[in-house]
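The values are calculated or read from the model by the stated rules, or taken from the named source; none is laboratory data. Predicted model, so just to flag it, every value in this text is computed and none were measured. Backbone-built Cβ (ideal geometry, glycine too); neighbour counts: all protein chains shown. Surface accessibility is based on the protein's heavy atoms, side chains included, excluding ligands, DNA and RNA. Shrake-Rupley method; radii C 1.70, N 1.55, O 1.52, S 1.80 Å.
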Amino acid sequence: MTDSTVANARRSIKAGSKSFGLAARLLPPAMSQDCVMLYAWCRHADDVIDGQDAGFAGAGNDATPPAERLQALRDETHRALAGGSAPEVFAGLARVVSRHAIPHRHVDEMLDGFAMDVAGRRYEAISDLLDYCYHVAGVVGVMMARIMGATDPGTLDRASDLGIAFQLTNIARDVIDDARIGRVYLPRALLRTQGLEGVDPDNRADRAALHRCALHLLDLAEDYYRSAAVGVAALDRRPAFAIAAAQAIYREIGVILRRRGPDAWDRRISTTTAGKLRLIAGAAPGTLLALRRPVPRFDRSALFRRPA
């Protein structure tokens, strides 16, 4: 893999996710490189579908219909996985998938998640939302875990749980921003418990009810974070520390959302670089203790079951 490919992948992370970028630096160099390459493809694919750049709208948005962009993305990805020539972000993905024997179906599962966005899927029940969360984030956790040397199905289940926890946290944070671009991830059944039929980003009278919906997702995410801790304890020391750090940073998003209350969405919910570094430092002692103790127990039988 060329130095430019890796460098471009790292720039993608720096622009699209400072949290992941910091956590990736904690990994051994070769493992970090492969995680970065996988992330770069995920970021690129997400941008292609949304017509964005590093997760943000830009002046150069692609006017091609989303369904056509998705099909082109599938074709380019499959060509790269089959060994054909492809742009470096796809070549990087193919290298990582081959090197770690990642089943191609996992890549397709993520593409299927993007297809849900393209189709404008609405979610009736929490179970429907969890299915989406698996496809756009849980399966990424599975692929990342394989890069970190995990092959045991139980550990991969826990990796999927962490991805789902991250996505539930993201959805809670982005309720208003998503609604402004026509996407509603809060399940209809959940909205109805608060007397709502949809999400109107400009109706401040609904903010308290929407915040209660968001808190429900954060409470649900906590079960997935606790389950993921079992998988973290099964990893080697450095990847365990990196994942624990990433988990601490993402969890903090929920802490901020809870603390701010219904006004939480008036400004971007994020942690400062100093805050991220503090959370990373705080994750170190707990990780070391966890690795010296028996693997923690958490019954995940009630959680989402990823496809076999």
Taking the Cβ of G84 as the center, what net charge do the other residues with Cβ under 14 Å away carry, scoring Lys and Arg +1 and Asp and Glu -1?
-> 0
Extension reserve of the T64-D200 stretch, reckoned as 0.36 nm per residue once the Cα distance is removed | 46.2 nm
With the other protein chains left in place, how much accessible area per residue, in square angstrom, belongs to the chain at a 1.4 angstrom probe?
-> 46
Residue by residue through region 65-75, which ³J(HN,Hα) values in whole Hz follow from phi under the Karplus form 6.51 cos²θ - 1.76 cosθ + 1.60 (θ = phi - 60°), with glycine and proline marked x?
-> x, x, 4, 6, 5, 5, 5, 5, 5, 4, 4
Neighbourhood net charge (11 Å Cβ-Cβ; Lys/Arg +1, Asp/Glu -1) for V96 = +2
Residue-wise HN-Hα coupling along region 33-45, computed from phi with Karplus coefficients 6.51, -1.76, 1.60 (Hz; x: Gly, Pro) | 4, 5, 5, 5, 5, 5, 4, 4, 5, 4, 5, 4, 4
Simple Cβ-charge dipole of the chain, Lys/Arg +1 and Asp/Glu -1, about Cα centre, in debye nearest 20 | 1240
Using only protein heavy atoms and a 1.4 Å probe, report how much of L196 is accessible, in Å² to the nearest 10.
-> 10
Output row, site R25, 7 Å Cα→C-beta label point, backbone N cut-off 14 Å, window region 230-255, residues 242, 246
Lys and Arg at +1, Asp and Glu at -1: neighbours of A189 with Cβ under 13 Å from its Cβ sum to 0
Using just the helices of the chain, give the 222 nm mean residue ellipticity in deg cm²/dmol: DSSP H runs with n ≥ 4 each add -39,500 (n - 2.57), and the total is spread over all residues, rounded to 500.
-> -22000 deg cm²/dmol
Residues whose built amide H sits under 5 Å from the amide H of R183, excluding neighbours closer than 5 in sequence, are none
Of A189, L22, A221, which is farthest along the charge dipole of the chain in the positive direction, counting Lys and Arg as +1 and Asp and Glu as -1 at C-beta?
-> L22
With every protein chain kept in place and a 1.4 Å probe, the residues V118, V184 fall, from largest accessible area down, as V118, V184
Keeping the other protein chains in place, figure out the carbon and sulfur percent of the accessible area of the chain, with a 1.4 Å probe.
-> 53
Take the alpha-carbon centre of region 127-151, take the same for region 167-197, and report the distance between them in whole Å.
-> 21
